[in-house]
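Shown next, in structure tokens, is the structure this report addresses.
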There are 2 protein chains.
Amino acid sequence: MNDSIHDHDELHKGAPQTGTRLLADVSLPAAVIHESALAHNLAWMQGFCDAHGARLAPHGKTTMCPELFQRQLAAGAWGITLATAPQCRAAFRHGVNRLLMANQLVGEANMAIVAGLIEAGADFYCVVDSLANVEQLARYFTACGLRLKVLIELGLPGGRCGCRDTDEVMALAERIDSEQALVLSGLEGYEGVVHGSDPERAVRAYAWQLVEAAQGLERDALIETPQPLITASGSAWYDLIAEVFHEAHLGAQFVPVLRPGCYVVHDHGIYRQAQRDILERQPRIEHGLKPALEVFAQVVSLPEPGQAIIGMGKRDIGHDQLPEPLRRYREGDERGRALSVQGWQVIRLMDQHAFVRLPRESEEPEVGNGRVRVGDIVAFGTSHPCLTFDKWRRICRVDERLEVVEVMQTCF
Amino acid sequence: MNDSIHDHDELHKGAPQTGTRLLADVSLPAAVIHESALAHNLAWMQGFCDAHGARLAPHGKTTMCPELFQRQLAAGAWGITLATAPQCRAAFRHGVNRLLMANQLVGEANMAIVAGLIEAGADFYCVVDSLANVEQLARYFTACGLRLKVLIELGLPGGRCGCRDTDEVMALAERIDSEQALVLSGLEGYEGVVHGSDPERAVRAYAWQLVEAAQGLERDALIETPQPLITASGSAWYDLIAEVFHEAHLGAQFVPVLRPGCYVVHDHGIYRQAQRDILERQPRIEHGLKPALEVFAQVVSLPEPGQAIIGMGKRDIGHDQLPEPLRRYREGDERGRALSVQGWQVIRLMDQHAFVRLPRESEEPEVGNGRVRVGDIVAFGTSHPCLTFDKWRRICRVDERLEVVEVMQTCF
């Protein structure tokens, strides 16, 4: 161990510091969040939920960034949604008390994590969709002397998890009702796995099915909590879920909870398209979300005409689609002047390198916009954000002058 | 902050502890390395390099796992190869003194990291392939009063980084020779980007080109170090590189250094195939590498006939190809009896879920092998390992009884 420069807090790529200039002082590649777009998105989605009478429990698995969880809560979020027991533990440790685990709680080691959270005072919910899992949970939490709040998941035929119809939901509810350790607290769904030729219609139909199943549980007095939840929505169809929950006038019986995650930094790919669809469906909404997350990286080689090699790869950025060059800067430029990357195209991504095809102009003698040089810094966008966040232990939040105003931790 | 269960060292998925049983005590999903296969691979590759008179500098970017770096060094490795300045810093902090950064060092923030390493006593090498970068490095390291050891990269037309021919190499060497701050220390190449209809022939030809360029540098007395390096090889063609370096009798003039990375845990995909090709090309080698890295995850739902949903997704496992179910276990089974997953097939991977198509037999009433249940644990293999390692902050090293003998950290 070389103690002279050893520091556990810097066990990560780059070790950026607050107050530094992104274009001069930060080891690149680095993941970057633009404050102005972030602030816009936080307010936008909270406003959308408020306008529809719904609570917002942003999916935290997108970012796993406690600083963003706190921003979401400060903006008015009701709680944070998470995908796994370790994610819930990480969020709770960073001050998130209301945790909606939108998945099944399976495995005694995961149940032990959740038991610890409940004992420590967390307001925890998870979902169930099988008698087998209900029995496992009842056995475990009975032995602990704790009560676990569960939501029944209603899925879709050919979909992911979840009961396949209302009969299954009712049978499961009766089984839960017989277990002292389990508290039926509402109904959960996820419309992100709808399929078929008319997904908009299918999402609406599914949302109504959720409403009817929830009302069935209420009618049969199978729900134990005074403020049961009805919750659905990912990042692509939340407007339709919100509309149906609103039209159903659930407010008095159920707390409607929406769970989009990617909105917080939006996207340069699938969610940009999804957002365009939402704005088309919802003509009253004038402005949409703004992409806030980028990866900044440098040209490391210009080995032959028409080609630039960038020091950024699958280790640094989501690669459901190839990253998109957005802007270029000169290293150290104090004014942060953006140069064009018109015609630049990523054609291949390896673990630590991106291959960019350059248009002819970028190689001509320096005029105006500046011929590309080794060391030039390129900002890239991509899709989807979940698979960029999980590449980083630290993310630079920057202001409009590209100064680092916060170095945010992730806790994957 | 909920201090009652707050512990910075556990800011990661799962928090497994040494001495626990993988099938009972560890939060799943979890990344797992089998000690027996790991030990085999460490010895195998060191033996291979020894037999070819080459030094081994395993590519550390594959794992970024200091415990594995130490195992590689203990097995006889000459140093550790890395891809970026922050990776080099992380390795040095964990006791690796000889660092071969097999990429260009670009950006003053990255140069500052490397300057810190050299000042702290690291034996550091990086590669250069452009006059622009040579000038940047010379300016920076002259200002620091330090000397930087560089290797010239010889690439391939249509490839990644690197000079495109020997003339470019010689011109660059002369420029380096004129800079007091830079110490030309050898030649570097990477054959992993060869292309064309006969890659075997192309790799051999490229290896000979490296040899000739290195000999040219030596002949013109452009190399400054007494023990210059010649280095190439990823994880698919190291046998051909080793052969050519061996046949060229470089031993006296150059230290030949091989840099495979994935061998340490091998693979269930592209490198399994590459290894078969190597064994075919090298009939004297009897046994090859063994896959050592798996992800263990649980069945969370059996929502309809023929379908199992697993609590493991793109957040947990590399997805250049869909993961391969290898074995199944009952949660808590003390004997660790492996059940069959014959006919199981992953058909889709989301962020936190895998969709498995089940054969008819697995759903029949329990006989012998055991009908699949919610909570069953499935071991998955995948390709390639670099993109599984970077999903995890902790990895469980297990013995043959599936007890956790070490919880290994990664430092991405």
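Rounded to the nearest whole Å², what accessible area per residue is found for chain A with the 1.4 Å probe?
Per-residue value: 36 Å².
Please check chain A for the longest run free of GluC sites (Glu not before Pro) that are loop-located per DSSP (anything but H, G, I, E, B) and have at most 11 other Cβ atoms within 10 Å.
Maximal segment without exposed cleavage sites: A:1-285.
May I ask you to evaluate 6.51 cos²θ - 1.76 cosθ + 1.60, the Karplus curve with θ = phi - 60°, for each residue of region B:22-35 and list the ³J(HN,Hα) values in order in whole Hz, giving x for glycine and proline?
Taking θ as phi minus 60°, the curve returns 4, 7, 10, 10, 9, 5, 9, x, 8, 8, 10, 10, 7, 4 Hz for region B:22-35.
Among DSSP beta bridges whose residues both lie in chain B, state the antiparallel percentage, nearest 5.
Once the DSSP bridges in chain B are tallied, antiparallel ones form about 50 percent.
Among residues other than residue B:124 whose Cβ falls under 12 Å from its Cβ, what is the net charge (Lys/Arg +1, Asp/Glu -1)?
+2
Residue A:237 accessible area, nearest 10 Å², 1.4 Å probe?
50 Å²
Among B:234, B:53, B:251, whose mean-square fluctuation peaks in a Gaussian network model of chain B (Cα, cutoff 10 Å)?
B:251
If you put +1 on each Lys and Arg Cβ and -1 on each Asp and Glu Cβ, how big is the dipole of region B:97-260 around its Cα centre, in Debye rounded to 20?
Roughly 340 debye, rounded to the nearest 20.
Using amide H atoms built 1.01 Å from N in the peptide plane, name the residues 5+ places from residue A:59, or on other chains, whose amide H lies under 5 Å from its own.
Correct list: A:81, A:261.
If I take the Cα coordinates of region B:70-162 and project them onto the principal axes, what are the three extents in Å, biggest first?
38, 35, 17
For chain A, with a Gaussian network of springs between Cα atoms less than 10 Å apart, report the residue from A:143, A:308, A:236 with the top mean-square fluctuation.
Highest fluctuation of the listed residues: A:143.
Please report, in debye to the nearest 20, how large the charge dipole of the protein assembly as shown is about its Cα centre when each Lys and Arg carries +1 at its beta carbon and each Asp and Glu carries -1 there.
60 debye
Residues of A:258-267, mean number of Cβ from any other protein chain within 10 Å of their own Cβ, rounded to a whole number?
0
Convert 25 °C to kelvin, take the viscosity as 0.890 mPa s, use the Kirkwood radius over C-alpha pairs of region A:97-260 as Rh, and evaluate the Stokes-Einstein diffusion coefficient in µm²/s, rounded to a whole number.
Diffusion coefficient, whole number: 154 µm²/s.
Once you list every other residue whose beta carbon is under 13 Å from the beta carbon of residue B:57, what net charge do they have if Lys and Arg are +1 and Asp and Glu are -1?
+2
Quote the convex hull volume per residue of region B:120-208, based on C-alpha atoms, as a whole number of Å³.
Convex hull volume per residue, Cα atoms: 99 Å³.
How far, in degrees from 0 to 90, does helix B:131-144 lean away from the longest principal axis of the Cα atoms of chain B, to the nearest 10?
The answer is roughly 90 degrees.
May I ask which residue of B:214, B:192, B:181 lies farthest towards the positive end of the charge dipole of region B:164-217, with charges of +1 (Lys, Arg) and -1 (Asp, Glu) on Cβ and the Cα centre as origin?
The listed residue farthest towards the positive side: B:192.
Tilt of helix A:270-281 relative to the longest C-alpha principal axis of chain A, in degrees (0 to 90, nearest 10)?
The helix A:270-281 is inclined about 60 degrees to chain A.
Net charge around residue A:200, counting only other residues with Cβ within less than 9 Å of its Cβ (Lys, Arg = +1; Asp, Glu = -1)?
Within the 9 Å Cβ shell, the charges total +1.
Using only Cα atoms and rounding to the nearest 10 degrees, what angle (0 to 90) does helix A:108-119 make with the longest principal axis of chain A?
For A:108-119 against chain A, the angle is about 80 degrees.
Would you compute, for the Cα atoms of chain B, the largest minus smallest coordinate along each principal axis and list the three values in descending order, in whole Å?
77, 56, 34
Shape verdict for region B:99-151, please, from the Cα gyration tensor: rounded (a/c under 1.5), prolate (a/b greater than b/c) or oblate.
oblate
If only Cα atoms are counted, what is the Rg of region B:273-359, and what is its Dmax, in Å?
Rg, Dmax (Cα atoms, Å): 16.0, 51.
Using a 1.4 Å probe and ignoring any ligands, DNA or RNA, find the accessible area of residue A:411 and quote it in Å² to the nearest 10.
For residue A:411, the solvent-accessible surface is approximately 10 Å².
Using θ = phi - 60° and the Karplus curve 6.51 cos²θ - 1.76 cosθ + 1.60, what whole-Hz ³J(HN,Hα) does each residue of region A:120-127 get, with Gly and Pro shown as x?
7, x, 5, 9, 10, 10, 9, 10
For region A:220-319, what is one quarter of the convex hull surface built on the Cα atoms, given in nm²?
Computed as one quarter of the Cα hull surface, the answer is 10.5 nm².
Over the Cα atoms of the protein assembly as shown, compute the convex hull volume and normalise it per residue, giving Å³.
Convex hull of Cα atoms, per residue: 163 Å³.
The values are calculated or read from the model by the stated rules, or taken from the named source; none is laboratory data. Here the structure is a predicted model, which is why all the values come from computation and not from measurement. Because the Cβ atoms are built from the backbone with ideal geometry, glycine has one as well, and the counts that use them run over all protein chains shown. Only protein heavy atoms, including side chains, enter the accessible area calculation; ligands, DNA and RNA are left aside. Shrake-Rupley method; radii C 1.70, N 1.55, O 1.52, S 1.80 Å.
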